[in-house]
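Novice: Mind having a look at this structure? Questions to follow.
The values are calculated or read from the model by the stated rules, or taken from the named source; none is laboratory data. Since the structure is predicted, the reported quantities are computational estimates derived from the model, not experimental observations. Ideal geometry is used to build each Cβ from the backbone, glycine not excepted, and the neighbour counts take in all protein chains shown. Accessible surface is based on the protein model in full, side chains and every heavy atom, while ligands, DNA and RNA are left aside. Shrake-Rupley method; radii C 1.70, N 1.55, O 1.52, S 1.80 Å.
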Amino acid sequence: MHIILIVSILFLSPFLSGLSVLFLKKGNSNFLKLILSFSGAYLFGLTVLHLIPDVYGHAGSSGGTIGLYILGGFLFQLLLEHFSQGVEHGHLHVEKDAIGSFPIAILVSLCLHAFLEGMPLISTERSHLVFGIAIHHIPAAFALGTLLLAAGSSKTVLFISVLAFAIMTPAGFLTSRFLSENAVGNLALYFDKIMAVVIGIFLHVSTTILFESGSPDHHVFNKKKMVAVLLGIILSLSSLLFGGHSHAGHDHDHEHTTSEQHIH
C-alpha cells in the first residue's frame, strides 16, 4: 500500500467522523453503537488472527518478553482511560461539572494513544491493520466531537481539536518511517515490542466495546449488533483467507534481514 494512501486513510476517517457531529441530529446514537460493535469485533479478530501470531512468530525464544509488552500495553490503556474517560472506544461520559470547560486531558490522551498506534505500521504496512486503526478511530473521533460540543466549544476549536487527533496516527507512522530510513538507533529492532504494546491496547479497547456496551439493555440479544459483530469478524477473516497474512510476514523478515546486514 502506497504511503500517500496509508496517510490519507488514517487521516480522513477520524477527521470526517469528528466533524460529522456538526451535521447529524443530536440524540441519535444507534448508528454509533453499531459502528462501535463492528469496530470492536474487527479489532478483536484482527488482533487474534494476525497481530498476535505475527509478533510471537517474529519473537522466537523471546516470546515471554513479548507477553510482558502486551500486558504493558493493556495496563497503559487503563491509565490513558483515567484521563480520556473511554472516548477511544466511543464512550461518552459528560459530567455536569465538565460542561463549558475544554476537555484538554481527554484530547492529550487521545492524541498520545493515536500516535503510538501509528508507529509500528512501518514494519509491515499491512492494509488490514491500517483499516483496523482507521475504523477504530471513527467512533473515537465522533465521541470527541460530541464531547467538545457538550463542553460548549466553538466550531473553530472543534475543528482544530479533531484535526490534531486525526493527524496523530499518520504522524506516528511518518515519524517511525523517518527514523527507520535514517537508521536512528536501528528502530526496526523495536517494532515487535511497539506492536506488542499496540496489541495490548487493542485487546483492551476491543473487549471493552464488545462486553461493556454502556447501554442498559446490553444483556439482551440484539440482532443488529450481532450482525455488526459478525461482519467485523468476517472482515478480519477475509484478509487471512486471501493471503494478506503471509505477505506481511515476508516484508517484516526482509526488514530484519536488512537490519542484520547493516549491523555486519
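To keep it simple, each residue is scored yes or no on (1) surrounded by fewer than 18 Cβ atoms within 10 Å (Cβ to Cβ); (2) at pLDDT below 80.
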position	(1), (2)
1	yes, yes
4	yes, no
11	no, no
16	yes, no
21	no, no
26	yes, yes
36	no, yes
40	no, no
44	no, no
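Novice: Okay, moving on. Just to be sure I understand the filter: pairs with C-beta atoms under 7 Å, separated by 6 or more residues or on different chains, first member in the stretch 108-137 and over 14 Å from residue 194 (Cα atoms) and of a type in the set (Ser, Thr, Tyr), second member open to solvent by 20 Å² or more (accessible area, probe 1.4 Å) and at pLDDT below 85. Which pairs pass?
Specialist: From the stretch 108-137, the pairs are 109/83; 127/1; 127/244.
Novice: If you don't mind, there's one more thing I want to ask. Output the qualifying pairs, or none if there are none: Cβ atoms under 7 angstrom, residues six or more apart or on different chains, first residue in the stretch 62-84 and under 14 Å from residue 201 (Cβ atoms), second residue among the charged types (D, E, K, R) and at pLDDT 85 or above.
Specialist: That search, which allows pairs on different chains as well, returns nothing.
Novice: Do we find that residue 168 is in a helix (DSSP H, G or I), aliphatic (A, V, I, L, M) and at pLDDT below 85 in this structure? Before you say what the answer is, go through the steps one by one.
Specialist: Details: in a helix (DSSP H, G or I): yes; aliphatic (A, V, I, L, M): yes; at pLDDT below 85: no.
Answer is no for this residue.
Novice: Further question on the same structure: If you check every pair at least six apart or on different chains, which have Cβ atoms under 7 Å apart with a residue in the stretch 1-21 that is in contact (Cβ under 8 Å) with a residue 24 or more places away in the chain and more than 15 Å from residue 155 (Cβ to Cβ) first and a residue that is open to solvent by 10 Å² or more (accessible area, probe 1.4 Å) and part of a loop (DSSP other than H, G, I, E, B) second?
Specialist: Pairs found: 1/125; 6/125.
Novice: I would also like to ask the following. Within the group 83, 76, 102, which residue is at pLDDT below 85 and assigned to a helix (DSSP H, G or I)?
Specialist: 83
Novice: Does residue 221 count as modelled with pLDDT under 80 and more than 23 Å from residue 147 (Cβ to Cβ)?
Specialist: Yes; evaluated as a whole, the condition is true for this residue.
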